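The values are calculated or read from the model by the stated rules, or taken from the named source; none is laboratory data. This is a predicted model, so every value here is computed, not measured. Positions of Cβ are backbone-derived with ideal geometry, glycine not excepted, and every protein chain shown enters the neighbour counts. Surface accessibility is based on the protein's heavy atoms, side chains included, excluding ligands, DNA and RNA. Shrake-Rupley method; radii C 1.70, N 1.55, O 1.52, S 1.80 Å.
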Amino acid sequence: MATLREELDDWLRIPSVSTGEGDPAEIERACDWVCERIEAAGGSAEAVRLNGGNPMAVGELRASRPGAPTVLSYGHYDVQAAGPLELWDTPPFEPTERDGRLYARGAADDKGNFLPLLHVACELARAGDLPVNVRFLVEGEEEVGSSSVLERLRAGEDEADCAIVFDSMMVDESTPAITVGTRGLVAADVEVRTARRDLHSGMYGGAVLNAAHVLMAMLAEVAPDAEGRVRPELAAGVAPVGAEERESWKRLPPGAPALAAVGAAEVTAGAGDEYYERTGAATAVDVNMIEVGEPRTIVPSVARGHVSMRLAPGQQSAQIAPELERLLRAAAPPGAEVEIELERAEPALFDPGHPALRLAERALERACGTAPALVRIGGTLPLLAVLAERGIASIVSGFALPDDAYHAPNESYRLESLRLGEAAARELYVALADLPVR
């Protein structure tokens, strides 16, 4: 029976790159690798492909007793491209151990992080000791948008009593985390046209609309104030933070040093002290790009910009997206032609008091020796929003750390993180046997 480390080395050697530079045959091989292990442990599995996308490994291992709850274990086998090979100290798809770390593309994101969930379930199933039904959903498109897995989940496939997602980080080297919330997204591509062509500023300046001025006024209308707060119309529906979650934030590293570490300035005095509130539980608006003109004395006729909103848990993009567009268009003067294209994704929030998350807290504490902190991620994970919408409580955790350099050259994963992942997976499967069946 292969050890977890041997299996990880084997899986990491498959260059399952999904970001355009990869070989489709290697993508299929990495997917089949998952299916083969589920089948070898006595389960059923198949590679499922939707609309010509990359295949998903979909499988199931049945519990050793009837009436057990069902746990959906999610991960992804696809990885980012290696990038310039000269920046790697060792070949990216030849796992190499150095100083307690395993170096390879995908070591942290997400093969090393996810694999314990697969390995432990297969081990327990072979021994006839699997306490829960485990359904696996291991996708090959996470690095390029997850369109296939989102379509599958939205269609109501893969029903479960809860889900486990090992694709996240620890608070520090000894403190695990459970992510209970993620923010959604409304993004707008804006184009303004004020004339058929650029005009000479000496002949026309002051008498004609300037596309740059119009765009800046539109963006200013939706930009946050001097303290970084967004206008009330765009903050509608934000869910309050519960006392338990807020208390857990006291265990997280201070926010001000986190800003200083990346060389960033606070938007206002004290913003660092409110770091977790501002980046996980509040709405944020950022102008991401402005493209206009050239260094000549012209009146620009076309200006383009991109502005994005991170929606806080509790908000709905169907409500906020039209309001963002309304505010932008209302700020444009007569005579300006405005085009706006919107992109939307929903926030997610899981109740820390849900039985699955209560069981997970105790399981992770047993595995790691330290109680997990409850955290929110400021980014957007559409998969979690779909699971939340379907009422599938999700235990979002993992054992990656900033030093793992995921997506960068010399990506690595601590062997200690791999050990913690194995211990956590075992404790979670045993604990979740007490979960009521939906």
For the stretch 405-438 and the stretch 211-269, what is the centre-to-centre distance using only Cα atoms, to the nearest Å? 31
Figure the gain on full extension for residue 318 and residue 126 (residue separation times 0.36 nm, minus the Cα-Cα span) and round it to one decimal in nm. 64.4 nm
For the chain, what is the Kirkwood hydrodynamic radius in Å, using each pair of distinct C-alpha atoms? 23.6
From DSSP H assignment alone, runs of 4+ in the chain each adding -39500 (n - 2.57), the sum over residues rounded to the nearest 500 puts [θ] at 222 nm at -9000 deg cm²/dmol
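Label the stretch 65-201 by shape, choosing from rounded, prolate and oblate, from the square roots a ≥ b ≥ c of the eigenvalues of the Cα gyration tensor; if a/c is under 1.5 it is rounded, and otherwise prolate applies when a/b is larger than b/c, oblate when it is not.
oblate
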Hand me the trypsin sites (Lys or Arg not before Pro) from the stretch 273-348 located in a DSSP loop with no more than 11 other Cβ atoms within 10 Å, in residue order please. 296
Charge sum, other residues only, whose C-beta stays under 14 Å from residue 50's C-beta, Lys/Arg counted +1 and Asp/Glu -1: -3
In the stretch 199-261, which GluC sites (Glu not before Pro) are in a loop and have at most 16 other Cβ atoms within 10 Å, using DSSP for the loop call? 227
Linear extension gain, residue 64 paired with residue 191, 0.36 nm per residue minus alpha-carbon span: 39.8 nm
Find, among the chymotrypsin sites (Phe, Trp or Tyr not before Pro) in the stretch 198-306, those assigned to loop by DSSP (not H, G, I, E, B) with at most 15 other beta-carbon atoms within 10 angstrom. none
For the chain, which whole percent of the accessible surface, found with a 1.4 angstrom probe, sits on carbon and sulfur atoms? 50
With the crude spin-label approximation of a point 7 Å out along Cα→Cβ, what separation in nm comes out for residue 208 versus residue 236? 3.9
Simple label model, 7 Å out from Cα along Cβ direction - residue 159 to residue 351, nm: 2.1
Tell me the label-point distance for the pair residue 289, residue 23, using the 7 Å Cα-to-Cβ offset, in nm and rounded to one decimal. 3.3
Between the stretch 77-117 and the stretch 7-45, the alpha-carbon center distance in angstrom: 15
